[in-house]
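Quick notes on the structure that follows.
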Amino acid sequence: MTSSIVLQLTSVVESDDNLNNNNTIGFHPVVINGKKCRFNLNTINENIIWEQELTNTYNNTRTTIPLSQVISVRTCFCPKINTKKLICDCVVNDILIDDPIEHKVTFVKLYYAIPMGKHGWKVEFLTFQTDHTYTDSALFNYVKRIRDIIDGYKRPKRLLVFVNPFGGNRKGRKIYENKVFPIFKLASIEVDCVVTERANHAKDIILDPQIRISSYDGLISVGGDGMFAELLNGLLIRTQRDNGINWHSVDNSLKPAKTVLGVIPAGSTDAVAYGTTGINDPMTSSIAIVLGKRLNIDVCAVHHRGEEKLIRYSTSFLGYGFFGDTIADSESNRWMGPKRYDWAGIKKFIRHRLYSGEIKLCIEPSDGSPKDNIICTNNCEICAKAVLKKRDQLNEDDSPACISIRGKFLAINAATMTCRCKMTKNGISPKAHLGNGCTDLILVSQCSRLEYLKYLLRTAMSSKSPFDLNFVDVYRVREFEFNPIVGPNTISTNRAQLMNASVWNCDGEVVDEAAIHVKVHCQLISVFATGIDVQG
């Protein structure tokens, strides 16, 4: 099996004396995937290098694999090499063996992750065996040293997994059993799995004081954005409760959760998976978890306006008006699966309802704009600086510009991440950042159906920015407040119906309270994710 991580290097065969060096085990002959090769473990650079033995050694191709991408090294008892089957039973049940000859070990398999396509990752493996010039005990010296190194990495050892068997196309359980669990097993992760039976089942378990959440390195959602939101709300409320913090007060600072969240995409939109990895691929998300890849992301606390009461926490999307009506209408058509969103959206587009309201927001000059041409990557400087910034110690030049906007709106959207999914290739707000402590607030004012269709098409598939339309205003804010202006039903001159109030779409769930106060908490939680590769 070939690797896509290939470096062209000058061939240098190191002396066997390096075997006892603390930093490098020298190149030694082994048989890899049935071919005679030279293999090297470099403990300084923490990588392994191998090349096939050829007559002309000047231009040998060497494959370099960082140990940070090695998932595991396993013993195998299969009678013959099978380079196509990823995981065999003897590999899954492997234990570290001190005497490979006595136990009749035939192969050693090294599993590692490599990039695949745009944003994706996959698992490959090398099958090692010794030749007559190199002893089994020497090969197992490699095995032990590689295991010692990767055991020192900060990777999860125990996970609590929640599987939603109903979300999306009802494939959550199958995805977990066939794609996810074998990778967890391969990485020697202890897993407790709960298949949820109802809404808020996972949240209730997390809030149960009898469950020692701190004993797990991560809580994993196998499902859609609604399932992830359950884990998010349960974990954050549990964290505040355990630390004696009143989470209902909008003025209180919240305690970050120590347990890391993870999401295996198996839903209808998978905005969280897209936003944190760039793709909704279960294998990519599983690899991020087993390798311990982490991102710190922002969380919006959604409160009742004027009341000291939390409604819920959100990480991706809040939508009032069009998207609120769409999610509310789709609830009665769950039997349609993901297509219910398209059907509800068409009906709401035809009705073209307007909602009157007042929105208050404060724009801070240091936060940039959603129109800036800077994308959030896995090494984002904006997010790195945001967590260091003292939010309560602003200079006079950085004082916020607070404004109030009254009007009639077709949609009010807040994107705390890009909210990219299959239905919008760039996202609701393509330049939103995961950890800048802000949400991108998008106001779509009164316009014709044709104009609104132009906005939807630009959001869904066009390279042109939807924010350039004159009826669309966008702001990057840390906090905002909305209050509906409720009045009797009337018919305006353009026949758009003025309704009393809409509902909010909060990460795919309906929030009936129209009057809300939203505050962004900078990088409040950690998630297992690779981030968006700048090359992707």
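The values are calculated or read from the model by the stated rules, or taken from the named source; none is laboratory data. Everything numeric here is computed off the predicted structure, so don't read it as measured data. Positions of Cβ are backbone-derived with ideal geometry, glycine not excepted, and every protein chain shown enters the neighbour counts.
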Original post:
Pick from region 454-475 the residues that are of a type in the set (A, V, I, L, M) and at pLDDT 95 or above: which of them is farthest from residue 357 (Cα to Cα)?
Top reply: 469
Original post:
If you take just the strands (runs of 3 or more DSSP E) that sit entirely in region 1-82, which of them hold at least 3 residues that are touching a strand residue (DSSP E or B) at 6+ places or on another chain (Cβ under 8 Å), at pLDDT 70 or above and not assigned by TED's automatic domain parsing to the domain that holds residue 186?
Top reply: 24-32, 35-42, 47-52, 61-66, 70-76
Original post:
Of the conditions (1) basic (Lys, Arg); (2) closer than 25 Å to residue 250 by Cβ; (3) under 26 Å from the mean Cα position of the chain (by Cα), residue 360 fails just one. Which one is it?
Top reply: (3)
Original post:
Right, residue 180: crowded, with 22+ Cβ neighbours inside 10 Å, outside the structural domain of residue 71 (by TED's automatic domain parsing) and aliphatic (A, V, I, L, M) or not?
Top reply: yes
**OP:** Among the residues of region 487-512, write down those that are modelled with pLDDT under 75 and not in a strand (DSSP E or B).
**Re:** 487, 488, 489, 492, 493, 494, 495, 496
Original post:
Only one of 424, 439 is of a type in the set (S, T, N, Q), closer than 25 Å to residue 367 by Cβ and in contact with a helix residue (DSSP H, G or I) (Cβ under 9 Å, 6 or more places away or on another chain); which?
Top reply: 424
Subject >> Single residue of region 425-455 satisfying the filter (of a type in the set (S, T, N, Q) and surrounded by 23 or more Cβ atoms within 10 Å (Cβ to Cβ)) that is nearest to residue 314 (Cα to Cα) >> reply: 439
Original post:
When residues of region 445-477 are filtered for being over 21 Å from residue 276 (Cα atoms), touching a helix residue (DSSP H, G or I) at 6+ places or on another chain (Cβ under 6 Å) and touching a residue at least 40 places away in the same chain (Cβ under 8 Å), how many remain?
Top reply: 1
Subject >> Residues (touching a residue at least 40 places away in the same chain (Cβ under 8 Å) and in contact with a helix residue (DSSP H, G or I) (Cβ under 7 Å, 6 or more places away or on another chain)) located in region 350-367 >> reply: 352, 353, 364
